[in-house]
1. Given just the C-alpha atoms of region 34-98, how large is their convex hull per residue in cubic angstrom?
2. Using θ = phi - 60° and the Karplus relation 6.51 cos²θ - 1.76 cosθ + 1.60, list the HN-Hα couplings for region 119-134 in order, rounded to whole Hz, with x at every Gly or Pro.
3. At a threshold of 8 angstrom on Cα-Cα distance, excluding pairs fewer than six apart, so keeping six or more, what relative contact order does region 155-251 reach in percent?
4. Could you list, bin by bin from short to long, the percent of Cα-Cα pairs of region 82-163 in 5 Å steps?
5. Using the Karplus equation 6.51 cos²θ - 1.76 cosθ + 1.60 (θ = phi - 60°), what ³J(HN,Hα) coupling, rounded to whole Hz, does each residue of region 166-171 give in order, writing x for Gly and Pro?
6. What area, in nm² and to one decimal, does the C-alpha convex hull of the chain cast on average over all directions?
7. Packing-wise, with mean Cβ within 10 Å as the measure, how do 112-120, 50-58 rank, highest first?
8. Tell me, what are the semi-axes, in whole angstrom and largest first, of the equivalent ellipsoid of region 146-251 as set by the roots of 5 times the Cα gyration tensor eigenvalues?
Amino acid sequence: MSEQMTFADKKRKTVERAEFTEDGRYLRKVRSFVLRTGRLSDYQRDMMNQNWANLGLDYQATPFDFATIFGNENPVVLEIGFGMGKSLVEMAAANPNRNYLGIEVHTPGVGACIAYALEKGVTNLRVICHDATEILRDSIADHTLGGLQLYFPDPWQKAKHHKRRIVQPEFVARVLTKLAQGGFIHMATDWENYAEHMLDVLRQFPQLENQSPTNDFIPRPDFRPLTKFEERGQKLGHGVWDLYFTQKSSL
Ligand SMILES: C[S@@+](CC[C@H](N)C(=O)[O-])C[C@H]1O[C@@H](n2cnc3c(N)ncnc32)[C@H](O)[C@@H]1O
């Protein structure tokens, strides 16, 4: 296998690896994504291969040590599904007192994010190319995240696909175990039915406090840069719904 093939192939294999029960039956997993076939450009591939040691993190079965990884104790904000990563890099550049951890399964997006991070010179960002639900489950210690960002997750519009939406009660329950006291959950979507679903799910958790004065959505905040999918939605005439909840300090 050529050196150039190594990274993308390894990542694709990890994400696509089938899982089996103990008696050998194929275990069908409900995934929140379909791997897109977009091509990793030579430039993105080179950026990944040359900078993975500094900007990339691999899945691990034990929790990351954020203080060692980032070299400081700043709060760590996790973003799931950053797409091409432009808005994530802009947020990292705008908030040097926070560390950002981005997870994306689309390899060209990870390559693009690394290339842009280098261009902007950000050092408070690490990226992971893996299923975020597995990273949350295995690689992040409880009470260690300052916040979770989930911007324009795949809406899975048809009712029969709603089970593939990443926002489910089990997902939010897991996130809550990972948030430090006072941590935030910020979601945004351009699909009204998904926005209502997000609100329903988040409202199920008494540990969470909705920061919306109207107890539903917040106005689009200036601190969230325009994302690629948001821009696409705007062109299609879609609205935007932002949800911002914080974990109560005590019940
Ligand atoms: C609709 S796109 C939005 C991308 C970006 N946030 C934006 O607004 O432009 C959703 C992204 O989430 C990623 N994704 C979905 N489920 C994921 C998971 N379980 N782990 C990591 N990434 C995931 C997809 O690969 C896709 O790039």
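1. Given the Cα convex hull of region 34-98, per-residue volume reads 127 Å³.
2. 4, 7, x, 7, 10, 9, 9, 10, 10, 10, 10, 6, 5, 4, 5, 6
3. This gives 41 percent for region 155-251.
4. Values per bin, smallest distances first: 3, 14, 23, 22, 19, 11, 5, 2, 1.
5. Once θ is set to phi - 60°, the couplings for region 166-171 become 5, 7, 9, x, 5, 5 Hz.
6. 15.1 nm²
7. For the peptides 112-120, 50-58, the packing ranking is 112-120, 50-58.
8. Working: eigenvalues 102, 54, 28 Å².
Over the Cα atoms of region 146-251, the ellipsoid semi-axes are 23, 16, 12 Å.
Readers should treat all values here as calculations from the given coordinates under stated rules, not as data from a laboratory. These numbers were taken from a predicted model, which means no experiment stands behind them. Methodologically, a virtual Cβ is constructed for each residue, glycine included, from the backbone with ideal geometry; neighbour enumeration extends over all protein chains shown.
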